[in-house]
């Protein structure tokens, strides 16, 4: 009865601290088992049993189990750190070296991510916590990075003006930070322009697709070419050798 009261009190404190329910449940179970073990050992010691040998055996058994389950324990420890430090939460879109998608479930050993095509990816927490992790949902605004190539014979200033007009006409493009249209590089077959508007995070994908389509249609209508990589081959006839 006393152990239940202690466990409930600790869980209540953890909930007031706004910890994840998974961590609250795990912490409560861990504390409960620890209290049970303490009570049993104390009772055996009270009736005259030598508990030192029991503790030594349990310690050796625990060490053997820990060595044989290193990967699982690493996932367990990483899961606790994820739930405590909260680098992401349910519903966030995250990108790892293995996947990109929305977080659906966070357990003490793994994180489940739903990819855009509907597949559910189950990631070990140790991999999530130790490898590169990008929380796409963390920022309210996000920049779209587009590269638009125009021909060397096209009017560069006209192309920049057209691109700026396209951005100004889209209500999703934010005034601050200001969108940018700049010459990125003089490539082999084209002059590449960097088109970088900022939008709200929720609008990023739709705005990116719409702007890409509008840029293509508008540049076609304005007579600005978008060349593809090409190579010129020059053939030279060799002079006949003297007989």
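Just so you know, all these numbers are worked out from the coordinates, no wet-lab data involved. Given the structure is predicted, the values throughout are model-derived calculations rather than measurements. Every residue, glycine among them, receives a Cβ derived from its backbone with ideal geometry; neighbour counts consider all protein chains shown.
Listing for the model above:
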{"item": "Residues of the stretch 186-206 classified as closer than 21 Å to residue 225 by Cβ, buried (at least 19 other Cβ atoms within 10 Å of the Cβ) and out of contact with any helix residue (DSSP H, G or I) (no Cβ under 7 Å at 6 or more places or on another chain), total", "result": "1"}
{"item": "Residue list for the stretch 99-148, restricted to those being touching a strand residue (DSSP E or B) at 6+ places or on another chain (Cβ under 6 Å), outside any loop (DSSP other than H, G, I, E, B), within 30 Å of residue 211 (Cα to Cα) and in contact (Cβ under 8 Å) with a residue 40 or more places away in the chain", "result": "133, 134, 135, 141, 143, 146, 147, 148"}
{"item": "Selection count where residues are exposed (fewer than 15 other Cβ atoms within 10 Å of the Cβ), closer than 23 Å to residue 228 by Cβ and out of contact with any strand residue (DSSP E or B) (no Cβ under 8 Å at 6 or more places or on another chain), scope the stretch 164-185", "result": "0"}
{"item": "Unique residue being part of a loop (DSSP other than H, G, I, E, B) and touching a helix residue (DSSP H, G or I) at 6+ places or on another chain (Cβ under 9 Å) when the list is 173, 183", "result": "173"}
{"item": "Residue within the stretch 146-159 that is surrounded by fewer than 18 Cβ atoms within 10 Å (Cβ to Cβ), under 24 Å from the mean Cα position of the chain (by Cα) and over 30 Å from residue 85 (Cα atoms) present", "result": "yes"}
